[in-house]
Amino acid sequence: MKNTPTSLKEIFIKEFNMCFFISLMLLSLYPDTNSIIQQQYRHHFSYIIQPIFNGLLTSIIVFSLNRYLAKKNYINSYYTTDVRKLMIVAFSAGFLSLYVSLINIGTYIISIFIIYIAIINIHRFADKISQLLKPNTMATPNDLGEFATFFINLIITFTIINLCANTIHNDFNLEPAFNFGHGLIAIIDAVYFSIITMTTVGYGQIVPHTAIARIIVSVECLTSYLMLGMMIGIINRGINFPSTNQKK
């Protein structure tokens, strides 16, 4: 039996960060979006058309990905069955991402919102792990799916936070928080940095340059280290496969 979120709020908490990340990748592919919107079309209808286009494109990609995972019969933690609400979240993320990149206050608001969602997800996942840490408790394949989904979402969340930190530093004409590239390269650099940081590899090509960036990375390291450590400990206990137990 599948336990899917039934409220729009739950869908937002579960899917918004992923949808927003996809919309940022799409946005980074547009040619000089900031110049087009702010200079040429400030008083033109295209000021609305382009965010709508980005929202629709984000929705199409999210819908396609969701249908693909459902078609492959992955466990429910990988996809959402309430497609209508998922499309609302995807469109909202795509629509808002353009304004967030152009309006300073939008960057601050979305940063706080993303951190809030991350805290909720971490708290929920910590509760799940605490149940699995009880004596004589083994993880199931569904639990492994939730582990993987959570860790991927955590990488995406810190990627967005690091990108927002860079944008905020640029808004105040400060030294860049990280030595990311520009456009799509910046997103790729941010993803790469989050992966090597959260897996404790740390090659050193990309580093935090400011105090705020170092605080963010410190939280990123501690969060991933604790979560990854507990996940590995639980998996080392063994996996409980229901079909195997039934045969016995």
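Quick look at the values:
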{"read-out": "Matching residues in the stretch 167-180 - criterion: being modelled with pLDDT of 90 or more and not charged (D, E, K, R)", "value": "Pro176, Ala177, Phe178, Asn179, Phe180"}
{"read-out": "Unmet criterion (only one of (1) at pLDDT 85 or above; (2) assigned by TED's automatic domain parsing to the domain that holds Cys164) for Lys85", "value": "(2)"}
{"read-out": "Any chance Phe193 is over 29 Å from Gln131 (Cα atoms) and surrounded by 15 or more Cβ atoms within 10 Å (Cβ to Cβ)", "value": "yes"}
{"read-out": "Given (1) exposed (fewer than 15 other Cβ atoms within 10 Å of the Cβ); (2) among the hydroxyl-bearing types (Ser, Thr, Tyr); (3) touching a Pro at 6+ places or on another chain (Cβ under 9 Å), index of the condition Ser130 fails", "value": "(3)"}
{"read-out": "Filter result for the condition that a residue is part of a helix (DSSP H, G or I) and either on the phi > 0 side of the Ramachandran plot or touching a residue at least 40 places away in the same chain (Cβ under 8 Å) (or both), over Tyr99, Tyr116", "value": "Tyr99"}
{"read-out": "Options Phe147, Phe178, Phe125; residue that is surrounded by 19 or more Cβ atoms within 10 Å (Cβ to Cβ), under 18 Å from Ser28 (Cβ atoms) and in the same structural domain as Ile206 (by TED's automatic domain parsing)", "value": "Phe178"}
{"read-out": "Out of Gly204, Gly183, sole residue that is closer than 26 Å to Leu29 by Cβ and either outside the structural domain of Leu144 (by TED's automatic domain parsing) or not hydroxyl-bearing (Ser, Thr, Tyr) (or both)", "value": "Gly183"}
{"read-out": "The one condition in (1) farther than 26 Å from Asp143 by Cβ; (2) modelled with pLDDT of 80 or more that Gly183 fails to fulfil", "value": "(2)"}
{"read-out": "Sole residue being loosely packed, with under 13 Cβ neighbours inside 10 Å and either acidic (Asp, Glu) or under 30 Å from Thr80 (Cα atoms) (or both), chosen from Leu226, Leu222", "value": "Leu222"}
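The values are calculated or read from the model by the stated rules, or taken from the named source; none is laboratory data. Here the structure is a predicted model, which is why all the values come from computation and not from measurement. With ideal geometry, Cβ positions are generated from the backbone for all residues, glycine too; neighbour counts draw on all protein chains shown.
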